[in-house]
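Participant: I have a structure here, written as structure tokens, and I will follow up with some questions on it.
The values are calculated or read from the model by the stated rules, or taken from the named source; none is laboratory data. Remember, it's a predicted structure, so these values are computed and weren't measured experimentally. As a convention, Cβ positions derive from the backbone with ideal geometry for all residues, glycine included, and neighbour counts pool all protein chains shown. Accessible surface is based on the protein model in full, side chains and every heavy atom, while ligands, DNA and RNA are left aside. Shrake-Rupley method; radii C 1.70, N 1.55, O 1.52, S 1.80 Å.
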Amino acid sequence: MKVVTGNKEYFKGISQVKYEGVESHNPLAFRWYDENRIIAGKTMKEHLRFACAYWHSFCGNGADPFGAPTHQFPWDVNSDAVARAKDKMDAAFEFITKMNLPYYCFHDVDVVDFTNDVNENERRLQAMVEYAKQKQAESGVKLLWGTSNLFSNSRYMNGAATNPDFHVLTHAGAQVKAAIDATIALGGENYVFWGGREGYMSLLNTDMGREQDHLARFLHTAKDYARKQGFKGTFFIEPKPCEPTKHQYDYDAATVLSFLRKYDLLNDFKLNLEVNHATLAGHTFQHELQVAADAGLLGSIDANRGDMQNGWDTDQFPNDITEVTEYMLIILQAGGFAGGGINFDAKIRRNSTDPADLFYAHIGGMDIFARALVTADNILQNSDYKKVRQERYSSFDSGKGKDFEAGKLSLEDLRQFAIDNGEPAVISGKQEYLENLINRYI
């Protein structure tokens, strides 16, 4: 990949990050991520499809609910909105190409600051789309997915597509139309919907059924428009249970799947799952992955982690090899991602203020997934992991168990089998054995 910079180099002294192997002590090199290494018939690059999150990496300023920004960006100083956005895009593509990241993802307002004027917003975004086209052509970087921010503006305090005021919903429609147009123009492979405020704070003032009907109608309307414009990619919904609303309608993977089935959206939509959102829903990320995989709707993931001592969405970079290996076991057995990839929806810490810190964070995240990919494939190919799991359900592979799965047994038949065969044997689930097995292969 060619490193692309603008008129100014923002990450001076940092060259393109390369693979140097596990013996390397260079903190600005990959130890595990060798993009051309073949694993299970595909390169690491093809398996992992890494993407940089435009919002956290180039817009996140380190502010939190209790403190002012700590990240002062040299690309965020020009007084003209479009010129400032071009500086930011120069910095973004310099970083993305120095990191050898094949993809990036964005919200509309990440790319350029929006106003409350629809026409002006579209003018600004179109100008940046033309600039991004040049950057993509120079570098070979692609857009994994685009989306629109329908939660930050004060007009969306009661939701966007689920807002009780139709006027607000129309602004959401205008924003989504422009973001879809931008995604198509940039060759985006997917489009994401995250209902940041599509939910409620109190049922006392909420018609929940009507709001969900409106959300479904909005999604159908957006999908129909995109298809009419020639968009052939996949639409993703990203579940999250709460924060900022008390309860969001896209609570978790199972809730979203039920919603898609109810409103006839399964043919066009899949899931984009986020680790920290699974935590907030009271699930492991493995659970969310398996729910989506079992439904054939595992589209993409937002890679990050939360803090077990902190009950909010901290969006830290992943660093637990055991957990990520368990993710990759599910992803590999599901056949990989359906259109998406691994987007680092993660941010450097408030007190990580050196330009190199953004590199360290992404290198660590990419290496942990690459190492987990190697480990998971090794487990699947060379251990008895699959055999142990299959044997646990072997009673359904023949005889009456197989007949039950085929729908051939009545409730009376089940009763008679229990009488004829007496008390069942106690069979171990071998949980500790499997946990040790994963550790053996790491």
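Participant: Run the paramagnetic zone check for Thr255: 7 angstrom along Cα to Cβ, then residues of the range 166-209 with backbone nitrogen under 12 Å.
Facilitator: Counting only backbone N, you get 195-201.
Participant: Moving to a separate point now. Considering the chain as a Gaussian network with a 10 Å cut-off on Cα pairs, which listed residue, Phe359, Phe218, Phe417, attains the greatest mean-square fluctuation?
Facilitator: Ranking Phe359, Phe218, Phe417 by mean-square fluctuation puts Phe417 first.
Participant: So what are the range 285-442's ellipsoid semi-axes, whole angstrom, largest first, if each one is the square root of 5 times an eigenvalue of the alpha-carbon gyration tensor? Let's see the in-between values first.
Facilitator: Details: eigenvalues 336, 57, 46 Å².
They are 41, 17, 15 Å, listed from largest to smallest.
Participant: Okay, next question. Give me the 1.4 Å probe accessible area per residue for the chain, excluding ligands and nucleic acids, in Å².
Facilitator: Values: 21140 Å² over 442 residues.
Result: 48 Å² of accessible area for each residue.
Participant: Under a GNM of the chain (C-alpha, springs under 10 Å), which listed residue has the highest mean-square fluctuation: Asp110, Asp181, Asp264?
Facilitator: Between Asp110, Asp181, Asp264, it is Asp264 that shows the largest mean-square fluctuation.
Participant: Now, a different point. Taking only the alpha-carbon positions of the range 264-374 and ignoring solvent, what does the Debye formula give for the base-10 log of I(q)/I(0) at q = 0.12, 0.23 Å⁻¹?
Facilitator: For the range 264-374, the Cα-only Debye profile gives -0.42, -1.33.
Participant: For the range 107-213, what percent of Cα pairs sit more than 24 Å apart? The partial results should precede the final answer.
Facilitator: Numbers: 1688 of 5671 pairs.
So the pairs more than 24 Å apart make up 30 percent of the total in the range 107-213.
Participant: Any of Lys133/Lys228; Lys86/Lys270; Lys2/Lys133; Lys42/Lys347; Lys12/Lys347 with alpha carbons more than 26 Å apart? Name them for me. List each step's numbers first, then the result.
Facilitator: Numbers: Lys133/Lys228 22 Å; Lys86/Lys270 32 Å; Lys2/Lys133 15 Å; Lys42/Lys347 29 Å; Lys12/Lys347 21 Å.
Checking Cα-Cα distances, Lys86/Lys270; Lys42/Lys347 exceed 26 Å.
Participant: So which trypsin sites (Lys or Arg not before Pro) in the range 224-278 end up in coil per DSSP with only 15 or fewer other C-beta atoms within 10 Å?
Facilitator: Working: sites: Arg227, Lys228, Lys232, Lys246, Arg261, Lys262, Lys270; in loops: Lys232, Lys246.
Filter output for the range 224-278: Lys232, Lys246.
Participant: Using a Cα-Cα cut-off of under 15 Å, which aspartates and glutamates could be cross-linked to Lys88, ignoring same-chain neighbours fewer than 8 residues away?
Facilitator: Glu9, Asp76, Asp80, Asp108, Asp110, Asp113, Glu130
Participant: Round to a whole angstrom and tell me the spacing of the C-alpha centers of the range 225-240 and the range 158-182.
Facilitator: When both Cα centres are located, 15 Å separates them.
Participant: Anyone know which of Ala406, Ala303, Ala92 comes out most mobile in the 10 Å Cα GNM of the chain?
Facilitator: Looking only at Ala406, Ala303, Ala92, the biggest GNM fluctuation is shown by Ala406.
Participant: For Glu405 and Asn439, what does the FRET efficiency come to when R0 = 25 Å and r is the distance between their Cβ atoms, rounded to the nearest 0.05? List each step's numbers first, then the result.
Facilitator: On the way: r = 33 Å, r/R0 = 1.34.
Once the sixth-power term is evaluated, E becomes 0.15.
Participant: Considering only protein heavy atoms and a 1.4 Å probe, what is the carbon-and-sulfur percentage of the accessible area of the chain? Please report the intermediate quantities before stating the final value.
Facilitator: On the way: 10280 of 21140 Å².
On the chain, the fraction of accessible area on carbon and sulfur atoms equals 49 percent.
Participant: Here's another thing I want to ask about it. When the Cα atoms of the chain are enclosed in a convex hull and the volume is divided per residue, what value in Å³ results?
Facilitator: Details: hull volume 79.8 nm³, N = 442.
Expressed per residue, the convex hull around the Cα atoms of the chain is 181 Å³.
Participant: Additional query: Based on the Kirkwood radius over alpha-carbon pairs, what value in µm²/s does the Stokes-Einstein equation return for the translational diffusion coefficient of the range 36-134 at 20 °C and 1.002 mPa s? Present the calculation step by step, with values, prior to reporting the outcome.
Facilitator: Numbers: Rh = 15.2 Å.
Value of D from the Cα-based Kirkwood radius: 141 µm²/s.
Participant: Looking at the chain, send over the antiparallel percent of its DSSP beta bridges, to the nearest 5.
Facilitator: Working: 7 of 34 bridges.
Expressed as a percentage, antiparallel bridges in the chain total about 20.
Participant: Ok, one more. When N is the residue count of the range 273-318, what does its C-alpha Rg come to as a fraction of 2.2 N^0.38 Å? Please report the intermediate quantities before stating the final value.
Facilitator: Working: Rg = 10.7 Å, N = 46, 2.2 N^0.38 = 9.4 Å.
Normalised Cα radius of gyration, the range 273-318: 1.13.
Participant: So how far apart, in nm, are the two label points at Gln431 and Asn319 if each is 7 Å from Cα heading toward Cβ?
Facilitator: Going by the 7 Å Cα→Cβ label model, 2.8 nm.
Participant: Could you compute how fast the range 17-89 diffuses translationally, taking Rh as the Kirkwood radius over C-alpha pairs and applying Stokes-Einstein at 25 °C with viscosity 0.890 mPa s? Give it in µm² per second. Numbers along the way, then the final one.
Facilitator: Numbers: Rh = 15.7 Å.
In µm²/s, the coefficient rounds to 157.
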